[in-house]
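Computed from the coordinates by the stated procedures, all read-outs in this text should not be read as laboratory data. As the structure is a prediction and not an experimental result, all values here were calculated from the model. As a convention, Cβ positions derive from the backbone with ideal geometry for all residues, glycine included, and neighbour counts pool all protein chains shown.
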Ligand code: FES
């Protein structure tokens, strides 16, 4: 697979989380890019608790009190750095990591994951 350009790095603020979609049809890859202390990571937008997408309304991932990814369904909190659930019904489980890289001024997905 060729790397897929996801977005300009400038669209992803520090301590920010921005959704992306790759593919079309009923089952595209839905992910979220996060950035903290200059490091960019990506996760599948799929909660390990019950499989719901994390954001609701779409694009709303973070909490007002800190840079956590929050699942809107039952409130699980995930660390930006590694996707570990640190509070909520799936504590100790992880979001699925996606391989991404910053090249120049853009963020690229390097490889698509196996189907969930
Ligand atoms: S589906 Fe995410 S916490 Fe329940």
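For the stretch 75-87, which positions are at positive phi and near the ligand (Cβ under 10 Å from one of its atoms)?
75
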Q | Matching residues, the stretch 83-96, being touching a strand residue (DSSP E or B) at 6+ places or on another chain (Cβ under 7 Å) and assigned to a loop (DSSP other than H, G, I, E, B) | A | 83, 88, 91, 92, 93, 95, 96
Q) Within the stretch 88-107, can you find the residues that are within 16 Å of the ligand (Cβ to nearest atom) and in contact (Cβ under 8 Å) with a residue 12 or more places away in the chain? A) 88, 89, 90, 91, 93, 94, 95, 96
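What are the residues in the stretch 97-112 that are assigned to a loop (DSSP other than H, G, I, E, B) and either touching a helix residue (DSSP H, G or I) at 6+ places or on another chain (Cβ under 8 Å) or crowded, with 16+ Cβ neighbours inside 10 Å (or both), if any? So that I can check it myself, show each step before the final result.
Taking the stretch 97-112 first, the residues assigned to a loop (DSSP other than H, G, I, E, B) are 99, 104-105, 110-112.
Of everything in the stretch 97-112, just one residue is assigned to a loop (DSSP other than H, G, I, E, B) and either touching a helix residue (DSSP H, G or I) at 6+ places or on another chain (Cβ under 8 Å) or crowded, with 16+ Cβ neighbours inside 10 Å (or both), namely 105.
For every residue, the table says whether it meets (1) loosely packed, with under 11 Cβ neighbours inside 10 Å; (2) over 9 Å from the mean Cα position of the chain (by Cα).
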{"residue": "5", "(1), (2)": "no, yes"}
{"residue": "8", "(1), (2)": "no, yes"}
{"residue": "18", "(1), (2)": "no, no"}
{"residue": "26", "(1), (2)": "yes, yes"}
{"residue": "34", "(1), (2)": "no, no"}
{"residue": "40", "(1), (2)": "no, yes"}
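Here's a check for you: in the stretch 26-74, which residue that is touching a strand residue (DSSP E or B) at 6+ places or on another chain (Cβ under 7 Å), farther than 21 Å from residue 6 by Cβ and assigned to a strand (DSSP E or B) is nearest to the ligand (Cβ to nearest atom)?
In the first step, residues of the stretch 26-74 are kept if they are touching a strand residue (DSSP E or B) at 6+ places or on another chain (Cβ under 7 Å); the result is 28-36, 40-45, 48, 53-55, 58-59, 61-63, 67-70.
Checking the rest, the ones that are also farther than 21 Å from residue 6 by Cβ come to 48, 63, 68, 70.
If we keep only those that are assigned to a strand (DSSP E or B) as well, we get 63, 68, 70.
Numbers: 63: 13, 68: 12, 70: 9 Å.
Per the criteria, the residue is 70.
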